[in-house]
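Structure first, then comments.
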Amino acid sequence: MDKESALLRISQLRDQIEYHNRRYYQLDDPEITDDEYDRLMRELIDLENRFADDIDGSLSPTRRIGSAPLDKFESTTHLAPMLSLANAFSEADILDFNERVKRQLDAAHPVTFVVEPKIDGVAVNLLYVDGGLTIGATRGDGATGENITGNITTMRSVPLRIASSDPPPRRIEIRGEVFITVESFKKLNKERLDGGEPPFANPRNAAAGSLRQLDSKITARRPLRINCYAVGFAEGRTFSSQWEILETLRQWGFPVNENVRKAATIEDCIRYYHDLEKRRSDLPYEIDGMVIKVDNVASQNQLGAVSRSPRWAIACKFAPIQATTRIEDIAIQVGRTGVLTPVARMTPVQVGGVTVSSATLHNEQEILKKDIRIGDTVIVQRAGDVIPEVVKVMEAKRTGGERPFKMPAFCPVCGSQVIKIRKDAARSNSAAAREGVSHFCIGGLSCAAQRKGTILHFASRNAMDIDGLGVQLVNLFVERNLIATPADLYSLDAIIVSQLEGMGELSASNLLNAIENSKETTLGRFINALGIPGVGETTSRDLSQFFGSLERIMSAERKTLTFISGVGSEIAHSVYQFFRDVHNRKVIEALITAGVRFRDVWTGDDGKRVDLAQFINWLGKKEKGIEWDGIDKLGDTGSRSLASHFGELETIMCADAKALSAVKGINSTLAENITGFFMSGETRKVIRQLLECGVRFDEDEGDGSAAASSVKGKTFVFTGTLSRLVRGEAKKRVEEQGGKVTGSVSHNTDYVVAGENPGSKFDKAHELGIAVIDEDELENLLKSGEID
């Protein structure tokens, strides 16, 4: 490079580094990773060394550390400079460091060292005068930092006084690194995202932002920790070695990293460097390298320092776990359980020593919270063997051409409809549902992406219970194109199976016998085996017992399905769409044709007698999730008036607007709404389906007792410990008056009775807007029919 080009590049690099210093040290919002910053600094150092006679070095960021303090904090001058460290990026760099040290010390014998993990946090200087904490400051520019004493004192890990039986030093500066553990960082970012705040890019960024709050109460709430590693200025105390410094700090009550080690030779340092890098992802905090220090303090003083770093220490950097790149597109992956996961396709970038070109975006909620768009410049992270993920969007780099992403309405693999299920609604056999993934392909029985997972679940113990059909065989059958859907299991050829790896005539015979025996099953097991998103063993059994036949379940409307306790609108929508998917229906038909048979479970009207007013109220409720308009403004009072006035459901359904207007509390507009609702073919279909399943009404309400009218037909759930009533006795009394007691809270629940230490049912009741009563209110309801 000629001189003119070099001087121009030096000017550009200085401007860039000063800009990024401000982003990093003052705004706590870096736009580039540490690795990219190091590359810029190395380039500038090289050019300044080559053209030293042609530049003014006093203005270079290579002569300073960080950036000047913000005006919002008072400045404070360190008694001894807080120098930065030169970097090593390879074994060769470490060996070069050792040779420089030996040459400058003229050491005939090996120099001993202390090695320490380089925590990725924020350096601070703690000044103690006569043993008491007087000033806590940031590094600043190395000579002058920001006075953040008020925030430092909120950290419980920072001693307010030196714990020593001997007189403490008159004045001493303790250097430390403030950090946040990985687990605490995840919780903090979740809280910020849930509160609509942007996430921190990394734990270091979070620690810096927390330390430099104007309100120390905010700092106090942040999970900050400190490791102390050095002494700056010391008046009245001397140390002979770095190891003595660390041991003394421990004795004085300062946290010192548990992974510091003595190293007799530079080879020991290198071995520890590689060991620490292997254990990097297992540590509870983030480290970006290891620091090697000459142990002997006299040798340190002899070696001295250059303008910005000591000659007796070096930072050995690891491959960065974060990098900046651009999202070129967002694709969809369909997992074995039907979960749709958005994946960022990115410009390839080196992260953690590996080229990364894609990163998981987890789910739609994650994308919305982080406001991730196609075309965004982002920070991507890869720690250990963890799948790369997008940490943060660099909003400052947006051009206006970025495009928001929407989850697809249809599966990109099989074309089936995509449904959305919330975490708390997905009580299913699907592991992905329990992980909170919200979008599912409904065509599980034939979707190629789900093939192995669907067949494996179909054969599982709580489903068709096909003994001997495990992961390896399912993989083998699918990969050899012997089966594509669960129905193909029943047409496997014995000779072909016996010739597969690991099989023989006996093994093949045992497996095919198990498959044949599975044809005789129960309806509940069969429904569970289909793998409907959100539907597990319990819901499958409930569907089986209520509807009594596969045909009724397959033709059930969504509103009909929600009549079953525990089946909300999202699960009802999932069941409804699953059985209307043409691919699923073909596989079910093939299973029946193959000879799969199950006992229809018919429970008659057992547990299906309901209060007429309660039924009308349920029927008339609007449910957006299943596109059910209901009867606007009818409510519980109007439902009871209709039931009391007409006495029978059929009479209500046949009543015209004039007859309905004669009912107390029913005006002409509401009467028209009721008439239109019961004339609807969809409404009549739901009622017909429920009647076919055995639902019957307690229709003779008349002017019964208050207790009967208030408890009869109502559904109760108990949570917590009752102080006077035994729960079994309370349940008996409710049932004697015509009420019903269930174990879970749903939209069909009328009252949740809460005792001492209520559980999650209490929270669920508030979420759904269900009345919560205490023991006294239950007693009043049972006695008088009213709650005081």
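Taking amide H atoms as placed 1.01 Å from N in the peptide plane, list the residues 5 or more away in sequence, or in a different chain, whose amide H sits under 5 Å from that of Asn257.
Here the answer is Cys228, since their amide H atoms fall under 5 Å of that of Asn257.
Determine the share of the chain's accessible area contributed by carbon and sulfur atoms, expressed in whole percent, with a 1.4 angstrom probe.
Percent of accessible area from carbon and sulfur atoms in the chain: 47.
Suppose accessible area is computed on protein heavy atoms with a 1.4 Å probe; arrange Ser746, Ser5 from highest to lowest. Please list the in-between numbers first.
Values: Ser746 15, Ser5 55 Å².
Per-residue accessible area, sorted high to low, gives Ser5, Ser746.
For the range 160-174, take each phi angle, set θ = phi - 60°, evaluate the Karplus expression 6.51 cos²θ - 1.76 cosθ + 1.60, and give the result in whole Hz per residue in order, putting x for glycine and proline.
Once rounded to whole Hz, the list reads 6, 9, 6, 8, 8, 6, 7, x, x, x, 4, 9, 8, 9, 9.
Name all residues of the range 34-50 having a backbone nitrogen under 19 Å from the label point set 7 Å from the Cα of Arg100 along its Cα→Cβ direction, giving them as ranges.
The answer is 38-50.
Whose amide H sits under 5 Å from the amide H of Phe410, counting only residues 5 or more places off or on another chain, with H placed in the peptide plane?
Residues meeting the criterion, in which the H sits 1.01 Å from N, are Val418.
Ignoring ligands and nucleic acids, what accessible area does Tyr273 show with a 1.4 Å probe (Å², nearest 10)?
10
Would you rank Asp698, Asp282, Asp56 by solvent-accessible area, highest first, keeping every protein chain in place and using a 1.4 Å probe?
Values: Asp698 40, Asp282 120, Asp56 85 Å².
Reading off the accessible areas and sorting them downward yields Asp282, Asp56, Asp698.
Using 24 Å as the Cα-Cα cut-off, could you pick out the over-long pairs in Lys731/Lys761; Lys714/Lys761; Lys519/Lys559? Write out the running numbers ahead of the final one.
On the way: Lys731/Lys761 17 Å; Lys714/Lys761 17 Å; Lys519/Lys559 31 Å.
As for pairs spanning more than 24 Å Cα to Cα, those are Lys519/Lys559.
Give the accessible area for Lys72 in Å² (nearest 10); use a 1.4 Å probe, count only protein heavy atoms, and leave out ligands, DNA and RNA.
It works out to around 100 Å².
Taking a probe of 1.4 Å, how large is the accessible area per residue of the chain, in Å²?
46
Could you list which residues have their amide H under 5 Å from that of Gly140, counting only those 5 or more apart in sequence or on another chain, with H placed in the peptide plane?
Glu146
If the chain between Asn481 and Asn462 were fully stretched, how many nm would it gain, using 0.36 nm times the residue separation less the Cα-Cα distance?
4.2 nm
Quick one: ranking Glu551, Glu779, Glu277 by accessible area, 1.4 Å probe, largest first, what do you get? Could the numbers behind the result be given before it?
On the way: Glu551 125, Glu779 30, Glu277 65 Å².
Highest to lowest solvent-accessible surface, that is Glu551, Glu277, Glu779.
Aspartates and glutamates within cross-link reach of Lys369: Cα-Cα under 13 Å, excluding same-chain residues under 8 positions apart?
Glu191, Asp194, Glu197
Expected output is a single nm value to one decimal: the length gained when fully extending between Ser509 and Ser661, i.e. 0.36 nm times separation in residues minus the C-alpha distance. What is it? Let's see the in-between values first.
Details: separation 152, 0.36 × 152 = 54.72 nm, distance 7.17 nm.
Contour length minus Cα-Cα distance gives 47.6 nm.
Taking 1 over the mean of 1/r across every pair of different Cα atoms in the range 127-190, what Kirkwood radius in Å do you get? Let's see the in-between values first.
Working: mean 1/r = 0.0740 Å⁻¹.
Here the Kirkwood hydrodynamic radius works out to 13.5 Å.
In whole angstrom, how far apart do the alpha carbon centroids of the range 97-121 and the range 260-316 sit?
When both Cα centres are located, 8 Å separates them.
With θ set to phi - 60°, apply the Karplus curve 6.51 cos²θ - 1.76 cosθ + 1.60 along the range 303-308 and write out the HN-Hα couplings as whole Hz, x wherever there is a Gly or Pro.
After applying 6.51 cos²θ - 1.76 cosθ + 1.60, I find 6, x, 8, 8, 4, 10 Hz.
Once R0 is set to 41 Å, what does the formula 1/(1 + (r/R0)^6) return for the Cβ-Cβ distance between Gln499 and Thr181, expressed as a FRET efficiency to the nearest 0.05?
Efficiency, from the Cβ-Cβ distance: 0.15.
Which cysteines does the chain leave without a neighbouring Cys Cβ under 4.7 Å?
Here Cys228, Cys269, Cys316, Cys654, Cys693 come out as lacking a disulfide-compatible partner, given the Cβ-Cβ threshold of under 4.7 Å.
Just to be sure I understand: of the beta bridges DSSP finds with both ends in the chain, what percent are antiparallel, rounded to 5? Walk me through the numbers before you get to the answer.
Numbers: 74 of 93 bridges.
Counting DSSP beta bridges with both partners in the chain, the antiparallel share is about 80 percent.
Just list whichever of Lys633/Lys658; Lys586/Lys622; Lys186/Lys392; Lys406/Lys586 have alpha carbons separated by over 23 Å in the model shown.
Too far apart for the 23 Å limit: Lys586/Lys622; Lys406/Lys586.
Gap in Å between the Cα centre of the range 174-238 and the Cα centre of the range 507-527?
Between the Cα centres of the range 507-527 and the range 174-238 lies a distance of 59 Å.
Estimate the FRET efficiency between Glu627 and Thr522 by the formula 1/(1 + (r/R0)^6), using the beta-carbon distance for r and 41 Å for R0, to the nearest 0.05.
The computed FRET efficiency comes out at 0.80.
Is it possible to state the helix-based mean residue ellipticity at 222 nm for the chain, with each DSSP H run of 4+ residues giving -39500 (n - 2.57), the sum divided by total residues, to the nearest 500 deg cm²/dmol? What is it?
-11000 deg cm²/dmol
Out of Asn584, Ile564, Ala208, whose Cα points farthest toward the positive end of the dipole of the chain (charges: +1 Lys, Arg; -1 Asp, Glu; placed on Cβ)?
Ala208
So how much accessible area does Thr144 have, in Å² to the nearest 10, using a 1.4 Å probe?
40
What is the distance, in nm, between label points placed 7 Å from the Cα along the Cα-to-Cβ direction at Glu197 and at Arg221?
It is 0.7 nm.
The values are calculated or read from the model by the stated rules, or taken from the named source; none is laboratory data. From a predicted model like this one, the values you see are computed outputs, not experimental measurements. Glycine also receives a Cβ, built like all others from the backbone with ideal geometry; neighbour counts cover every protein chain displayed. Calculation scope for accessible area: heavy atoms of the full protein, side chains included, ligands and nucleic acids excluded. Shrake-Rupley method; radii C 1.70, N 1.55, O 1.52, S 1.80 Å.
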